[in-house]
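Please read the structure below before turning to the comments.
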Ligand SMILES: [Zn+2]
Ligand SMILES: [Zn+2]
């Protein structure tokens, strides 16, 4: 069956659409090199490759999020082909129904968590949750990318995935707003489900892309209010 499908729909590179000889990777050789270069970029704080470090951002530390897992950097204004390719991965992850890209990114994040936080694996003290997409965007695209990533990562780590947060209001398209306005805008964007207790739990919080930290930070605040012992950020890309 799988063979027949691959004859009918031969695998193609998710970034440039080039035909692939096999389905061992979602990228062609060239795009794979670009992806590897993006994930091999060193963290400016600790010097480790980004997926191997869990340094947080200054803004997120204000929200007591001291660890942040990420794969690569996000840039608002693309300056070259490499940045265009990594931004395209984000676009696929957010907007394409096809799960190939999301599955791949979930595997990458689970691997980096297992590497830097081996304690989380199969540990019932950890719970994984996600910052939900707005209702209108979920209806528009037919899925919630952070929820999808969250479920996959939790499965790979053998921990529980729990939908703890509710998106309270429609915050519009975040990326178009100015930095300060975004914090104000996201302030009451999430609340936790009624009667939810996260007492003593370490919570891995997935938010697909972290730009200002407004979304992840405000979601973390709600989780701390619900008793979380620690909130750890998990994101595909971070804008520094
Ligand atoms: Zn390619
Ligand atoms: Zn670091």
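No value in this document is a laboratory result; all are computed from the given coordinates. Predicted model, so just to flag it, every value in this text is computed and none were measured. For neighbour counting, all protein chains shown are included, and Cβ atoms are generated from backbone atoms with ideal geometry for every residue, glycine included.
Against the chain, whose longest principal axis is taken from its Cα atoms, helix 145-157 shows a tilt of about 90°.
Overall shape: rounded for the stretch 42-170, with the ratio a/c of the largest to smallest alpha carbon gyration tensor axis below 1.5.
Contact order, relative form, for the chain: 21 percent (alpha carbon pairs under 8 Å, 6 or more residues apart, mean separation divided by residue count). Along its principal axes, the stretch 119-234 has C-alpha extents of 39, 29, 25 angstrom, given from the largest down. For 143, 9, the sequence from fewest to most other C-beta atoms within 10 Å is 9, 143. Each principal axis of the Cα atoms in the chain has its own extent, and those three values, largest first, are 51, 39, 39 angstrom. Taking the longest Cα principal axis of the chain as reference, the axis of helix 214-225 is set at about 50 degrees.
A simple spin-label model places the labels of residue 98 and residue 84 1.9 nm from each other, with each point 7 Å out along Cα-to-Cβ. Between residue 66 and residue 7, the FRET efficiency from the beta-carbon distance, with R0 = 45 Å, is close to 0.35. The modelled label-to-label distance for the pair residue 225/residue 25, using points 7 Å beyond Cα in the direction of Cβ, is 4.6 nm.
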